[in-house]
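K.L.:
Dropping the structure in here first, questions after.
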Ligand code: SF4
């Protein structure tokens, strides 16, 4: 069944590292935007078993989300996620989300260290994020994910350990641990912050995060994602298992009816169009290549049928980067750190372009 992604392109303030598409929040624009989302939901007329409000800061549209969900055909027992910024998570707003069927929150906690939060330009403290998660749990949310940022300026193994311990004490079921990446079109891209960890330190922080999270009960299931009690993100798993999803909204991406398409990063154009303009990025995506690229992000890896097709490239990959268990090939945490190179090597069978391991 298809997943539905809705991009909410509003934030109170732009974080200096972020290149997701968002504009400053205005209530009237949110109303107009919701109407355009609803027009598109009717247009595609699909049934979904996962819905994901991503952004931007979707909780800023909490008052429109019930209207949007009322227009969606949603299967029973669907997973419905909304991304939240801790500073927007007051009791009334959380209750609106809970009452209309949102059953999973993804909260931008990022770190338990206030100096690191400041270095990232975040407006909240860890205590505010902690209280927000506790409140969400009290309102009734039992499935809460927290974002954890790795490779923050001045981050050390010790501060990371404290962040993981602090997260483990919260009523959360999931952690997404992303490496801070300096993107060109951001404030950090124009002027990188001081004291960024170098490549080796970054690799060490990533490997330490995997170990620390596992030690407090979060099982890794994807390069950057960890779950407790089996609560993986059903929606995001669709991306990696190459299942179909429809993206609605400015900057949303889709893999729908065997085509990949995107919508322009332009809120005005999205609001004023009767239906969103699909910019096709791939009309006939290569099933085999995509399954290898996406499947190797997951700890479950790829099937024997699949890896046998690129077996001739396997001897080129250092042995500590992958494993074969029960017929499936998957990457080790060390392999995840160089997954692009590994995938490039495997696909040399088709493209003649290899990866380089340094
Ligand atoms: S990190 Fe989140 S809150 Fe900050 S600008 Fe990006 S989408 Fe908005």
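The values are calculated or read from the model by the stated rules, or taken from the named source; none is laboratory data. What you see is a predicted model, and the numbers here were worked out from it, not measured in a lab. Neighbour counts run over all protein chains shown; Cβ positions are idealised from the backbone, glycine included.
K.L.:
Assess whether residue 212 counts as being under 24 Å from residue 145 (Cβ atoms), modelled with pLDDT of 95 or more, touching a strand residue (DSSP E or B) at 6+ places or on another chain (Cβ under 9 Å) and surrounded by 15 or more Cβ atoms within 10 Å (Cβ to Cβ).
P.N.:
For residue 212, the condition - under 24 Å from residue 145 (Cβ atoms), modelled with pLDDT of 95 or more, touching a strand residue (DSSP E or B) at 6+ places or on another chain (Cβ under 9 Å) and surrounded by 15 or more Cβ atoms within 10 Å (Cβ to Cβ) - is not met.
K.L.:
Further question on the same structure: Output the number of the condition that residue 28 fails; it satisfies all remaining conditions of (1) within 16 Å of the ligand (Cβ to nearest atom); (2) at pLDDT below 95.
P.N.:
(1)
K.L.:
Can you pull out the residues in the range 226-254 that are touching a helix residue (DSSP H, G or I) at 6+ places or on another chain (Cβ under 8 Å), farther than 15 Å from residue 276 by Cβ and part of a strand (DSSP E or B)?
P.N.:
Matches in the range 226-254: 226 only.
K.L.:
Does residue 54 satisfy being within 16 Å of the ligand (Cβ to nearest atom) and either modelled with pLDDT of 95 or more or assigned by TED's automatic domain parsing to the domain that holds residue 105 (or both)?
P.N.:
So residue 54 passes the test.
K.L.:
Then there's this: Mind checking which residues of the range 1-15 are crowded, with 18+ Cβ neighbours inside 10 Å and either more than 15 Å from the ligand (Cβ to nearest atom) or part of a loop (DSSP other than H, G, I, E, B) (or both)?
P.N.:
Scanning the range 1-15 gives 2, 3, 4, 9, 15.
K.L.:
Let me ask another. Residue 19: assigned by TED's automatic domain parsing to the domain that holds residue 179 and away from the ligand (no atom under 16 Å from the Cβ), yes or no?
P.N.:
no
K.L.:
Within the bounds of the range 180-200, is there any residue that is without any contact (Cβ under 8 Å) to a residue 60 or more places away in the chain and in contact with a strand residue (DSSP E or B) (Cβ under 7 Å, 6 or more places away or on another chain)?
P.N.:
no
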